[in-house]
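Each reported figure results from applying straightforward, stated rules to the coordinates on display, with no laboratory input. Please read all numbers here as calculations on a predicted model, not as lab measurements. Positions of Cβ are backbone-derived with ideal geometry, glycine not excepted, and every protein chain shown enters the neighbour counts.
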Amino acid sequence: MAVAIMSSFYISLLNPSKTLSILIPENPLPKSCRLQSRTFVCRRSSSILHRCASVSGRNLSAAPSATRNYEFFDGGTDVELRLHISALGVESSSDIFVDVDDCSLLIRVKASGTLRTLMQTDCLFERVKPAETIWYIDEDQLVVNLKKREAELKWPDVMESWESLILAAPQLLKGTSIYVIGQSTEINQEVAKVLAVGIGYTPLFTSEVLEKCAGQSVDSWVAAEGAGPVAEAEALALQSLSSHVRAVVATLGGPHGAAAWPDKWQHLHAGFTVWLSKSKAAADEASARKEAIRNMQDGGVGYTNADVVVKLAGWDKNHAQEVALGCLRALKQLILSDKQLTGKKSLYIRLGCRGDWPNIKPPGWDPSSEH
């Protein structure tokens with residue numbers, strides 16, 4: 001069974017934080033359905049977001065991919081597909097039809113008077129240059145050569161999927177840790193666990209660190225002392241975790257989590273932060289977009305400091321991989337939009353996580369001088 005991603009939005013802000021909002025309906029779809037999303041680009045040059053333009057439609061497959069019926073090679077500046085067509089009865093090259101767009105590919109052949117689809121995807125692993133596509137027949141194989149827009153990015157497969165994204169994660173993240181934040185500790189932990197296992201990172205839960213140190217559950221601690229002291233304690237735990245690499249850290253949800261407090265983000269900026277936000281009212285693509293923009297304009301909530309936001313209409317832990325897939329796709333878009341981000345995160349850590357993200361000050365800068 002799969003969960004459908006109905007809409008996604010990519011919002012570019014003044015700082016390096018980029019936002020991807022994904023709406024997931026309450027009711028899962030049949031197993032045969034793929035995750036549907038549509039991406040929008042927005043830029044903010046003032047406090048008002050404007051210029052919203054549709055970029056592309058995507059189909060994301062969260063289920064294990066079927067046995068490939070093609071060979072795939074990454075040649076650096078281009079990628080190559082090889083499909084066996086000898087058994088199809090293709091009589092000439094005029095019976096082959098290859099249609100390519102920035103992110104989509106459709107390959108069809110006409111055999112015995114019937115038009116047959118060999119490959120169709122709206123989610124190429126990354127954008128290509130359609131005008132530079134080359135295809136030809138090499139003995140019993142159809143060869144399709146696609147020119148990449150991002151030559152430095154190595155494609156694990158021709159399509160963007162859970163399998164290809166977890167293989168690509170190391171080259172994108174370069175060891176930078178991921179912090180999963182949001183209103184629900186349970187959701188944060190379930191998604192963090194799936195993410196960590198998928199990309200080969202270490203899963204870490206701040207709740208376990210705090211409970212071990214305090215000798216009591218987080219809930220009892222909050223009941224006894226209130227949200228503030230627990231949030232402060234988690235901020236200290238995040239300080240000790242900020243130097244860790246290759247970790248996916250699940251943080252506390254709710255008002256007792258440090259991420260909910262705007263003044264407790266000093267060490268969260270050490271990694272890429274993913275906000276898992278449950279939608280309050282969005283029921284379609286348009287309303288989800290408006291809600292995502294309102295969320296990011298509300299600077300009074302700590303979560304709005306996140307690098308990316310994945311917006312959920314419902315939750316079922318059996319579908320945590322679908323949410324994790326949305327997280328990886330958002331992080332890929334974020335990192336490709338600013339290839340210096342991982343280096344900036346590393347520099348921020350080396351200078352001591354002084355709270356000067358994203359405008360990192362020179363060595364020797366005193367945070368107290370800003371107050």
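Could you state the number of Å between the C-alpha centres of region 313-371 and region 171-236? Centre-to-centre distance over Cα atoms comes out at 16 Å.
Here's how it looks for TRP135: its modeled amide H is under 5 Å from those of ASN145, which are all 5 or more places away or on a different chain. The Rg/Rh ratio for region 189-348, using Cα coordinates for both the radius of gyration and the Kirkwood hydrodynamic radius, is 0.95. The amide H of MET119, built 1.01 Å from its N in the peptide plane, has ILE107 as neighbours under 5 Å, considering only residues 5 or more places off or on other chains.
Dipole check for region 109-152: with +1 at the C-beta of Lys and Arg, -1 at the C-beta of Asp and Glu, and the Cα centre as origin, the magnitude is about 240 Debye.
Remark: region 209-224, residue by residue, has Karplus-estimated 3J(HN,Hα) of 5, 5, 5, 5, 6, 8, x, 8, 6, 4, 4, 5, 5, 5, 4, 7 Hz, where x stands for each Gly or Pro and the curve is 6.51 cos²θ - 1.76 cosθ + 1.60 at θ = phi - 60°. Each of VAL230, HIS244, VAL197 was placed along the dipole of region 188-281 (beta-carbon charges, centred on the mean Cα), and the one lying farthest toward the positive end is VAL197. Fully extending the segment from SER346 to LYS278 would add 21.4 nm, taking 0.36 nm per residue of separation and subtracting the current Cα-Cα distance. Can you pick out the pairs among LYS317/LYS361; LYS129/LYS193; LYS193/LYS345; LYS212/LYS280; LYS278/LYS339; LYS147/LYS344 whose Cα atoms lie more than 32 Å from each other? Violating the 32 Å limit, Cα to Cα: LYS317/LYS361; LYS129/LYS193; LYS212/LYS280. Under 5 Å between amide hydrogens, built in the peptide plane, is the criterion, and for SER277 it picks out VAL310, LYS311, LEU312 among residues at least 5 positions away or on other chains.
Note that region 245-257 has calculated 3J(HN,Hα) couplings of 10, 6, 10, 10, 9, 8, 9, 6, x, x, x, 8, x Hz, one per residue in order, obtained from phi through the Karplus relation 6.51 cos²θ - 1.76 cosθ + 1.60 (θ = phi - 60°); glycine and proline are x. The charge dipole of region 126-235, taken about its Cα centre with unit charges on the Cβ of Lys, Arg, Asp and Glu (plus for the first two, minus for the last two), comes to roughly 380 debye.
Karplus-derived 3J(HN,Hα) values for region 268-280, using 6.51 cos²θ - 1.76 cosθ + 1.60 with θ = phi - 60°, are 5, 5, 5, x, 7, 9, 10, 8, 8, 10, 7, 5, 8 Hz; glycine and proline are entered as x.
Of the GluC sites (Glu not before Pro) found in region 137-221, those in coil by DSSP whose Cβ has at most 10 other Cβ atoms within 10 Å are GLU139, GLU152.
The simple spin-label model puts a point 7 Å past each Cα toward its Cβ; for VAL197 and ASP338 those points are separated by 3.3 nm. Placing +1 on each Lys and Arg Cβ and -1 on each Asp and Glu Cβ, with no other charges, gives region 182-259 a dipole about its Cα centre of roughly 320 debye.
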